[in-house]
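Student: Attaching a single structure in structure tokens format; questions to follow.
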Amino acid sequence: ASAACGALCGALLGALHGETALPPGWVTELEGRPTILELADDFAMEMTQGPALHGPALSSPGWLARYPRA
């Protein structure tokens, strides 16, 4: 199997079952893990709290620092 196939399978498994479903060795060896975890958390926030993150009165300063408006 190719590296791309392994990455895709790991991503799908993680998305479906969460990080705890992945073998611990994979998780500890994951290059860029802190960035990936932050992006995953931000994606979940966007999907559950999107309007609150983008409204003029309720915008999250941390969110806007990471993802500035165009």
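The values are calculated or read from the model by the stated rules, or taken from the named source; none is laboratory data. Here the structure is a predicted model, which is why all the values come from computation and not from measurement. Every residue, glycine among them, receives a Cβ derived from its backbone with ideal geometry; neighbour counts consider all protein chains shown.
Student: Inside the range 1-28, can you point out the residues that are more than 28 Å from residue 62 (Cα to Cα) and exposed (fewer than 10 other Cβ atoms within 10 Å of the Cβ)?
Tutor: 1, 2, 3, 4, 5, 24, 25
Student: Return the residues of the range 15-58 that are modelled with pLDDT of 85 or more, in the same structural domain as residue 3 (by TED's automatic domain parsing) and of a type in the set (A, V, I, L, M); say none if nothing qualifies.
Tutor: 16
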